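Undergrad: One structure coming up, written as structure tokens, with questions to follow.
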Amino acid sequence: MPAARPAQLPSQRGGADETVAAGTTVDHLTETYRAHYRSLLGLAALLLDDTASCEDVVQEAFIRVHSARNRVREPEKTLAYLRQTVVNLSRSALRRRILGLKLLSKPMPDMASAEEGAYDQLERDALIKAMKGLQRRQREVLVLRYFADMTEAQVAETLGISLGSVKAYGSRGIAALRVVMEAQA
């Protein structure tokens, strides 16, 4: 069949003489574009969240319907085809976004830089060294109180000493640590 000859289909209702041109003309599609572009953009805006995606979807819908215009048997249904194409393309865009979000690697938690990590390690090492220089009871009280997160009463019970002794050892131990740590700074 030569490309220059328009496609003609026999009508289902009538005799052999009745024929109907198959498809929508480019002029009809252009008029539909002018008349309904904004309403189709509004439809896409209800389905999608950003203007750029809406414009892309509507333009893609017109391109697809233009490419398949020979399959639109009744030109008055062109707008219905366009609406359905906008809905389908919007669904596809949303599916791609959701899939993209699922496949994105989860962001790493905020981590200290290597320099900060090294500095923290040096501080920990200095603190451990300073703790080793404390009296045994002061060290025990501070470790149980601040590293094991015990209350003063729990520390007193664990060490078998009075609550007043826990407070005194803790106070003296912190004062001694402060002196040592400030001297290193």
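The values are calculated or read from the model by the stated rules, or taken from the named source; none is laboratory data. Keep in mind it's a predicted model, so treat the numbers as computed, not measured. Here the Cβ is made from the backbone with ideal geometry for all residues, glycine too, and neighbour counts use every protein chain on show. Keep in mind that these areas ignore ligands, DNA and RNA; they rest on the heavy atoms of the full protein, side chains included. Shrake-Rupley method; radii C 1.70, N 1.55, O 1.52, S 1.80 Å.
Undergrad: His36: accessible area at probe 1.4 Å, nearest 10 Å²?
TA: Spelled out: His36, probe radius 1.4 Å, area about 60 Å².
Undergrad: I would also like to ask the following. In whole Hz, with x marking every Gly and Pro, tabulate ³J(HN,Hα) for the range 147-152 from phi via Karplus 6.51 cos²θ - 1.76 cosθ + 1.60, θ = phi - 60°.
TA: 8, 8, 6, 9, 6, 4
Undergrad: With +1 assigned to the C-beta of every Lys and Arg and -1 to the C-beta of every Asp and Glu, and no other charges, what is the dipole magnitude of the range 21-100 about the Cα centre in debye, to the nearest 20?
TA: Magnitude of the dipole: close to 320 debye.
Undergrad: Next up: Could you give each residue of the range 27-36 its phi-based ³J(HN,Hα) in whole Hz, using Karplus coefficients 6.51, -1.76, 1.60 with θ = phi - 60°, and x for Gly or Pro?
TA: 4, 5, 5, 5, 5, 4, 4, 4, 7, 10
Undergrad: Let's test the formula: R0 of 41 Å, r as the Cβ-Cβ distance of Ser67 and Lys106. What FRET efficiency results, to the nearest 0.05?
TA: 0.55
Undergrad: Right, next: Using the Cα centre of the range 49-185 as origin and beta-carbon charges of +1 (Lys, Arg) and -1 (Asp, Glu), tell me which of Ala175, Thr51, His66 is placed farthest towards the positive end of the dipole.
TA: Among Ala175, Thr51, His66, the one farthest towards the positive end of the dipole of the range 49-185 is His66.
Undergrad: Can you work out ³J(HN,Hα) from phi for every residue in the range 153-166, in order, using Karplus 6.51 cos²θ - 1.76 cosθ + 1.60 and θ = phi - 60°, giving whole Hz and x for Gly and Pro?
TA: My calculation for the range 153-166 gives 5, 5, 5, 4, 5, 4, 8, x, 10, 6, 5, x, 5, 4 Hz in order.
Undergrad: Where the only charges are on Cβ atoms (+1 Lys, Arg; -1 Asp, Glu), what is the dipole of the range 117-184 about its Cα centre, to the nearest 20 debye?
TA: Magnitude of the dipole: close to 300 debye.
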